[in-house]
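Quick notes on the structure that follows.
The values are calculated or read from the model by the stated rules, or taken from the named source; none is laboratory data. Model, not experiment: these values are computed from the prediction. Note that we place each Cβ from the backbone using ideal geometry, even for glycine, and neighbour counts take in every protein chain shown. Side chains included, ligands, DNA and RNA excluded: accessible areas come from the protein's heavy atoms. Shrake-Rupley method; radii C 1.70, N 1.55, O 1.52, S 1.80 Å.
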Amino acid sequence: MRMSQLYSATLREVPAEAEIASHQLMLRAGLIRKVAMGIYSYMPVGWRVMKKIMQIIREEMDAQGGQEMFMPTVQPAELWQESGRWNVYGKELWRVKDRHDRDFLLAPTHEELITAHVRNDVRSYKQLPLMPYQIQTKFRDERRPRFGLMRCREFVMKDLYSFDRDEAGLEISYQKMHTAYTNVFNRCGLTCRPVVADSGAIGGSGSHEFMALSEVGESQILFCHKCDYAATDEIAAVEPCPTGVGETPASMEKVHTPDCKSVEAVAALLGMPANRLVKTICYMADGKFVTVLIRGDRQVNEVKLANVLGCVELFFADDETVRQHGMEPGYCGPVGLNQDVPVVADREVALMVNHACGAGEKDYHLKNVNPQRGDYRIDTVADIVLVEKGAACPVCGAPLDTARGIEVGQIFKLYTKYSAKLGARYLDEKGQEQDIVMGCYGIGVGRTMAAIIEQNHDDYGIVWPMSVAPWQVEIVPVNDKDEFLVEQAEGLYQELSKRGVETLIDDRKERPGVKFNDADLLGFPLRITVGKKCRETGTVEIKIRATGEVQEVALADVADIIQNLVRSMLQDLHCS
């Protein structure tokens, strides 16, 4: 490819809207262009990278028995009504109507449609297992699109679905995809960690997220250095550590606590640590008022809580609503609550002895409250704690560490969540009808590109791994007016292209500084500079973008050296 013919407009200034490196560099390097909030066009250079990532994905899916297909984005509402997700998916579901006023949606995922296809086509156990997949555009009406391709409303995703006879077959398919995902991200040059995760709107009861480690990641990971435990903070567990256990329950006492609305203020006035207090937090869960009890020094994990409540929308109740249910904001407590108010308590709270809590009225708290004595009602006991750094590992007890990560892929064990509702069944060896056991597996292609940039950039621009670089080599003749240099650069371009090396030549009539700056910004792994030394000594410079290493080599040896470097750098990424 010739740079003079390339549709690529680079920017010198950082766009004001871009907050993180990947977004800034994708805009500056001309990989993407914004169309609307959370909606982008992939420009030629960016699309070349996307196609390379997709090719790696295809190769690894096919190697595990995947079969590529393509399904429409527009789906009829009836399928989602049949599965039950039409009314519970939430506002991210992009609903549309056709000219006949029939309900459709722009698919965020394809569990319903692929299950409907399989129920119509599969009759016998002999047709299983199956692993169809697609790489296709998805839509989610994000409330707050941000960070470029990290969180957008239209995006490219690979989604594969496994269909097996039983859970043993699902486990095999799941492990195949775990291996495939590990290979995909290794080949893309990403440092990734699989972690136990929440299944979210997809459902099922077993899931792993593949996290590209990055300080700008929206997800927090908790992991153990001593064992292999790793999980997102949405699902990470911790052993309960209730306070006061073994003490003799004392008489409950009402204490005047004027202007003490925070845990810290109450703890200081009562002369006790925050872990001896219980916070009462009021939520609205799908429009229903709920109280939540948690130890004073803990935070509520709202993902866990929403799963316990089975709700889609969860937010704090306002002060007026709290008062309508008989409590004073800032002094809420569980003692004497109305019977119609559900009470959800963390596991630690249910075991605490002689704790303090709000009295439900302004300027008062209660001491020596004991749930096991029956001082108040608990309807549901569950793990709703947000686990933080330093907590004990639930597997080995060692302190947990934290890191941030970008979710680039997730795999789910769906079991019969969709097949049972949609009637996807098969006849087993005995002629008995059985529900097909399912799994689903997604990779965000654009997110993967963004994560690669987050992990591979410097002050000058992108540093592409060889496997996904838009071009493997760039040739820069420093003087477009020197016919000899231009001729040598052109000869190298033709020779490398003939050998199958993906080569870009910067044949623009620009100053050398402009060419070098663009080369660093665009991040080609190898750069050949054809300058005055080519005329004087018959040598050119090869620069390795990732290390900054520069080699002077004879013109006659360049093609062989470049070919070997490309091969070596691909092998380092486990590419053939």
Review point. Can you list the strands (runs of 3 or more DSSP E) found entirely within the stretch 223-315 that contain at least 2 residues being at pLDDT 90 or above?
Key: 253-256, 278-285, 288-295
**Study point:** Given (1) at pLDDT 90 or above; (2) open to solvent by 30 Å² or more (accessible area, probe 1.4 Å), number of the condition residue 394 does not satisfy
**Key:** (1)
Review point. List pairs: first in the stretch 508-520 and within 15 Å of residue 30 (Cβ to Cβ), second open to solvent by 50 Å² or more (accessible area, probe 1.4 Å), Cβ under 6 Å, 6+ apart or cross-chain?
Key: 508/4; 520/460
Point to revise | Within the stretch 74-92, tally of residues that are more than 18 Å from residue 416 (Cα to Cα) and open to solvent by 30 Å² or more (accessible area, probe 1.4 Å) | key: 7
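Condition first: in contact (Cβ under 8 Å) with a residue 40 or more places away in the chain and within 19 Å of residue 435 (Cβ to Cβ). Can you find one or more residues in the stretch 87-102 that meet it? Show your work before the answer.
Keep residues of the stretch 87-102 that are in contact (Cβ under 8 Å) with a residue 40 or more places away in the chain, which gives 88-94.
This time we only want the ones that are within 19 Å of residue 435 (Cβ to Cβ), so: none.
The answer is no, given that none of the residues of the stretch 87-102 is in contact (Cβ under 8 Å) with a residue 40 or more places away in the chain and within 19 Å of residue 435 (Cβ to Cβ).
Those residues that are of a type in the set (Val, Ile, Thr) and part of a loop (DSSP other than H, G, I, E, B), I need them from the stretch 65-88; list them, please.
Residues of the stretch 65-88 of a type in the set (Val, Ile, Thr): 73-74, 88.
Of everything in the stretch 65-88, those that are of a type in the set (Val, Ile, Thr) and part of a loop (DSSP other than H, G, I, E, B) turn out to be 73, 88.
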Review point. Consider residue 333 against the criteria (1) surrounded by fewer than 23 Cβ atoms within 10 Å (Cβ to Cβ); (2) modelled with pLDDT of 90 or more; (3) in a loop (DSSP other than H, G, I, E, B): it satisfies all of them except one. Which criterion is unmet?
Key: (1)
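Please tell me if residue 383 is at pLDDT below 95 and over 27 Å from residue 307 (Cβ atoms).
Numbers: at pLDDT below 95: yes; over 27 Å from residue 307 (Cβ atoms): no.
Considered against the rule, which asks whether it is at pLDDT below 95 and over 27 Å from residue 307 (Cβ atoms), residue 383 comes out as no.
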Exercise for review: Could you grab the pairs with beta carbons closer than 7 Å, sequence gap of 6+ or different chains, first residue in the stretch 381-409 and within 30 Å of residue 53 (Cα to Cα), second one open to solvent by 50 Å² or more (accessible area, probe 1.4 Å)?
Suggested key: 402/389; 403/213; 404/215; 405/193; 405/213; 406/447; 408/447
Check your understanding: Among the numbered criteria (1) under 30 Å from residue 494 (Cβ atoms); (2) touching a strand residue (DSSP E or B) at 6+ places or on another chain (Cβ under 6 Å); (3) surrounded by fewer than 16 Cβ atoms within 10 Å (Cβ to Cβ), which single criterion is violated by residue 54?
Key -> (3)
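A quick yes/no check of all residues on (1) in contact with an Asp or Glu (Cβ under 6 Å, 6 or more places away or on another chain); (2) acidic (Asp, Glu); (3) free of Cβ contacts under 8 Å to residues at least 24 places away in the same chain:
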site: 119; (1), (2), (3): no, no, no
site: 140; (1), (2), (3): yes, no, no
site: 144; (1), (2), (3): no, no, yes
site: 183; (1), (2), (3): yes, no, no
site: 190; (1), (2), (3): no, no, no
site: 196; (1), (2), (3): no, no, no
Exercise for review: Give the residue that is surrounded by the fewest Cβ atoms within 10 Å (Cβ to Cβ), with candidates limited to residues of the stretch 31-50 that are part of a loop (DSSP other than H, G, I, E, B) and at pLDDT 95 or above.
Suggested key: 43
Review point. Tell me, which helices (runs of 4 or more DSSP H) lie completely within the stretch 460-576 with 2 or more residues that are open to solvent by 40 Å² or more (accessible area, probe 1.4 Å) and either of a type in the set (D, E, K, R) or closer than 30 Å to residue 179 by Cα (or both)?
Key: 483-498, 532-537, 558-572
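Within the stretch 312-324, identify whether any single residue is open to solvent by less than 10 Å² (accessible area, probe 1.4 Å) and either within 34 Å of the chain's Cα centre (by Cα) or in contact (Cβ under 8 Å) with a residue 40 or more places away in the chain (or both), and answer yes or no. Break it down into steps so the answer makes sense when it comes.
As a first pass, look at the stretch 312-324 and keep what is open to solvent by less than 10 Å² (accessible area, probe 1.4 Å): 322.
After this cut, where a residue has to be either within 34 Å of the chain's Cα centre (by Cα) or in contact (Cβ under 8 Å) with a residue 40 or more places away in the chain (or both) as well, the list is 322.
Yes, the stretch 312-324 has at least one match.
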Review point. Any chance the stretch 343-351 includes a residue that's over 16 Å from residue 295 (Cα atoms), touching a residue at least 40 places away in the same chain (Cβ under 8 Å) and in contact with a His (Cβ under 9 Å, 6 or more places away or on another chain)?
Key: no
Check your understanding: Does residue 307 fit the bill of being farther than 23 Å from residue 274 by Cβ, open to solvent by 40 Å² or more (accessible area, probe 1.4 Å), touching a residue at least 24 places away in the same chain (Cβ under 8 Å) and not aliphatic (A, V, I, L, M)?
Key -> yes
Review point. Residue 53 passes all but one of (1) closer than 24 Å to residue 139 by Cα; (2) assigned to a helix (DSSP H, G or I); (3) out of contact with any Ser or Thr (no Cβ under 7 Å at 6 or more places or on another chain); which number fails?
Key: (3)
Revision key, fill the gap. Residue 291: passes all of (1) surrounded by 14 or more Cβ atoms within 10 Å (Cβ to Cβ); (2) more than 27 Å from residue 353 (Cβ to Cβ); (3) out of contact with any Gly (no Cβ under 8 Å at 6 or more places or on another chain) but (2)
